[in-house]
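Notes to accompany the following structure.
Readers should treat all values here as calculations from the given coordinates under stated rules, not as data from a laboratory. Since the structure is predicted, the reported quantities are computational estimates derived from the model, not experimental observations. Reconstructed Cβ throughout: ideal geometry from the backbone, glycine too, with neighbour counts over all protein chains shown.
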Amino acid sequence: MTRRTLIAGNWKMNGLADGLGFFAEIAPAVAKADADVLVCPPATLLRDAARLAAPHGVRVGGQDCHAATSGAHTGDISAAMLRDAGASHVIVGHSERRADHGESDGDVLAKAEAALAAGVTPIICVGETREEREAGQAAAVVARQLAGSLPVVSPGMELVIAYEPVWAIGTGLTASVEDVAAMHDAIRDQLPEPLTTCILYGGSVKPDNAAELLALADVDGALVGGASLNPLDFMAIIKAVSRKSEPLR
């Protein structure tokens, strides 16, 4: 058995309805890809995106969810609502949520559990700051985040981990392939034995570095930020996927 590569685009707070032709534009690359393709648009576009993406074999996801199923939480959206709008996945614990909204590992865990309960696959993000890496704490920080954010494993559980070094998001910087390989290997070793999951790399993945990163054994795909807004760039990243032959571990 092998892990199926996942290329996920995170549009963040970008995108209007007139940009949804994106899915038809990337269709030729998706049709030839040996990978699953996911796009996470803003919630305002989710239902229309799901309708337009499905004929092209593209799935859509949410960028965040609340831990509760419903209630007096103005401005929030539940995992069940995301699923109702057509989402198959949801990003939880992205570094921008952790930094801008003060989300703790416990908050991320609650959201991941809510997603699983709603039948939505959580993409759990972990990653260190530049200061933490320079202090030699990168592995310890990521291990702590993973331990605090990962739900208790049960049979048939499906989730995704995204390693996103905070200092490489939106900065144009990218971790070396050696650092990426080491961090993904450490994350894989920390996952509970019954759990087999994809680990995505999410630090400024672009057309010119995608092939090198995706060729690493424990890099099972990418969480793409800015480059996912440009159909040509996103197609180039999708095309960079090579068939994985590593056995599951």
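Which one is nearest to the chain's Cα centre (by Cα), of the residues in segment 152-172 that are small (Gly, Ala, Ser) and at negative phi? Can you show your working first?
Taking segment 152-172 and keeping what is small (Gly, Ala, Ser), we get 154, 156, 162, 168, 170, 172.
Now narrow it down to the ones that are at negative phi: 154, 162, 168.
Details: Ser154: 21, Ala162: 5, Ala168: 15 Å.
Checked segment 152-172; the qualifying residue nearest to the chain's Cα centre (by Cα) is Ala162.
Of Glu103, Glu96, which residue is within 18 Å of the chain's Cα centre (by Cα), within 22 Å of Val166 (Cα to Cα) and without any contact (Cβ under 8 Å) to a residue 12 or more places away in the chain? First the steps, then the outcome.
On the way: Glu96 fails: without any contact (Cβ under 8 Å) to a residue 12 or more places away in the chain.
Sole residue among the options that is within 18 Å of the chain's Cα centre (by Cα), within 22 Å of Val166 (Cα to Cα) and without any contact (Cβ under 8 Å) to a residue 12 or more places away in the chain: Glu103.
Quick check on my filter: what residues within segment 198-217 are surrounded by fewer than 21 Cβ atoms within 10 Å (Cβ to Cβ), in a loop (DSSP other than H, G, I, E, B) and in contact (Cβ under 8 Å) with a residue 12 or more places away in the chain?
Of everything in segment 198-217, those that are surrounded by fewer than 21 Cβ atoms within 10 Å (Cβ to Cβ), in a loop (DSSP other than H, G, I, E, B) and in contact (Cβ under 8 Å) with a residue 12 or more places away in the chain turn out to be Lys206, Pro207, Asn209, Ala215, Leu216, Ala217.
State the number of residues belonging to segment 182-197 that are part of a loop (DSSP other than H, G, I, E, B) and not polar (S, T, N, Q). Can you show your working first?
Filtering segment 182-197 for residues part of a loop (DSSP other than H, G, I, E, B) gives 191-197.
Checking which are not polar (S, T, N, Q) leaves us with 191-195.
Number of matching residues: 5.
Kindly indicate which of Glu164, Glu158 is touching a strand residue (DSSP E or B) at 6+ places or on another chain (Cβ under 6 Å), in contact (Cβ under 8 Å) with a residue 60 or more places away in the chain and either under 21 Å from Val39 (Cα atoms) or crowded, with 21+ Cβ neighbours inside 10 Å (or both). First the steps, then the outcome.
Details: Glu158 fails: in contact (Cβ under 8 Å) with a residue 60 or more places away in the chain.
Being touching a strand residue (DSSP E or B) at 6+ places or on another chain (Cβ under 6 Å), in contact (Cβ under 8 Å) with a residue 60 or more places away in the chain and either under 21 Å from Val39 (Cα atoms) or crowded, with 21+ Cβ neighbours inside 10 Å (or both) holds for just one of Glu164, Glu158, which is Glu164.
Quick one: Gln63 ticks every box in (1) of a type outside the set (A, V, I, L, M, F, W, C); (2) within 26 Å of Ala99 (Cβ to Cβ); (3) surrounded by fewer than 17 Cβ atoms within 10 Å (Cβ to Cβ) except a single one, so which number is it?
(3)
When residues of segment 1-32 are filtered for being surrounded by 13 or more Cβ atoms within 10 Å (Cβ to Cβ) and either assigned to a helix (DSSP H, G or I) or not hydrophobic (A, V, I, L, M, F, W, C) (or both), how many remain?
17
Please count how many residues of segment 86-104 are touching a strand residue (DSSP E or B) at 6+ places or on another chain (Cβ under 9 Å) and over 18 Å from Trp11 (Cβ atoms).
Residues in segment 86-104 being touching a strand residue (DSSP E or B) at 6+ places or on another chain (Cβ under 9 Å) and over 18 Å from Trp11 (Cβ atoms): 2 in total.
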